[in-house]
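Q: Take a look at this one; I'll ask things after.
No lab work stands behind these numbers, since they all come straight from the coordinates. Just so it is clear, the structure is predicted and the values come from calculations on it, not from any experiment. Here the Cβ positions follow ideal geometry from the backbone for every residue, glycine too, while neighbour counts run over all protein chains shown.
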Amino acid sequence: MLKQRIITALILLPIALGGFFLLEGSGFALFIGLVVSLGAWEWARLAGFTAQSFRVGYAAVVALMLFVMYILPGLAPWVLGASVIWWAVATWLVLTYPRSSERWASAASKLVIGLLILLPAWQGLVQIKQYPLGNWLIMAVMVLVWGADIGAYFSGRAFGKRKLAPQVSPGKSWEGVYGGLALSLVITTLVALFRDWTVAQLFKGLIGAALIVFISVVGDLTESMFKRQSGIKDSSNLLPGHGGILDRIDSLTAAIPVFAVLLWMAAP
């Protein structure tokens, strides 16, 4: 399994980095759209649909909606605003699971939720890419999420006692969240020192980093909640040794649109 994971990672890493940092404009939007559409194909299974025809159809609908969003950029504030509302609701759903499942148990509800997760993730990346430092900003949100994952893993193993959401993901603890937050704040502080931020900029950066870390945890737990409800271990087997695409980007689907909104709010 470890060998398989390493081989898959070595193949995917240059493809992902090339897509993120070498493509521009429509090429970048198409590349991210392909990833999101594959995620939609996986999400249809989490929603309870096993027929390939329906799963492909759902992915096609998502791809069409992405195209509409691309040619109508004025929809971006609405899409990202809906995402912020959704992730606030998702936080409550995760914390109150399994009691909350009665509110989203229907297949239709799950399909709509899939749109609220996937479409803003694409929109957020497209918006971030347009900034002068777009590539670095994309790397920044990824490093924050990865740093939170790494910090959570080690602090959770060393100190984890209080379960974060035992009905959703029994292995996660509050100590892990705090460890992930601490590492992400350290990373943010180092960036601030390197770029010579003012005290006010550092304060805003730390607040923003904390929000990104917490919402990334919600993104991870949200997919876990739907997988647990569906009795599914991995979203698919598209990535040998790693599960599915959603298993790898669940935290980012929450962090990216929120990060995009924070950038908008920070703009002079």
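Q: Mind checking which residues of region 223-263 are over 19 Å from residue 167 (Cβ atoms) and either hydroxyl-bearing (Ser, Thr, Tyr) or without any contact (Cβ under 8 Å) to a residue 40 or more places away in the chain (or both)?
A: Within region 223-263, 234, 235, 236, 237, 243, 247, 248, 251, 253 qualify.
Q: Quick check on my filter: what residues within region 111-158 are of a type in the set (A, V, I, L, M, F, W, C) and in contact with a strand residue (DSSP E or B) (Cβ under 8 Å, 6 or more places away or on another chain)?
A: 152
Q: Follow-up question, since we're still on this one. Can you pull out the helices (runs of 4 or more DSSP H) entirely within region 99-194 that have at least 3 residues that are under 17 Å from residue 220 (Cβ atoms) and without any contact (Cβ under 8 Å) to a residue 40 or more places away in the chain?
A: So the answer is 134-159, 174-194.
Q: Continuing with this model, one more query. Kindly indicate whether any position in region 204-212 is part of a helix (DSSP H, G or I) and within 29 Å of residue 47 (Cα to Cα).
A: The answer is yes, given that some residue of region 204-212 is part of a helix (DSSP H, G or I) and within 29 Å of residue 47 (Cα to Cα).
Q: Please find, among 76, 140, 82, 88, the residue that is out of contact with any Gly (no Cβ under 8 Å at 6 or more places or on another chain), of a type in the set (A, V, I, L, M), under 16 Å from residue 258 (Cβ atoms) and exposed (fewer than 15 other Cβ atoms within 10 Å of the Cβ).
A: On inspection, the qualifying residue turns out to be 88.
Q: Further question: Spot the failing condition for residue 94; the list is (1) within 15 Å of the chain's Cα centre (by Cα); (2) within 26 Å of residue 207 (Cα to Cα), and only one is missed.
A: Of (1) within 15 Å of the chain's Cα centre (by Cα); (2) within 26 Å of residue 207 (Cα to Cα), only one is false for residue 94: (1).
Q: Identify, from the list 165, 152, the residue that is under 27 Å from residue 16 (Cα atoms) and either touching a Lys or Arg at 6+ places or on another chain (Cβ under 8 Å) or of a type in the set (Val, Ile, Thr) (or both). Show your work before the answer.
A: On the way: 165 fails: under 27 Å from residue 16 (Cα atoms).
So the residue among 165, 152 that is under 27 Å from residue 16 (Cα atoms) and either touching a Lys or Arg at 6+ places or on another chain (Cβ under 8 Å) or of a type in the set (Val, Ile, Thr) (or both) is 152.
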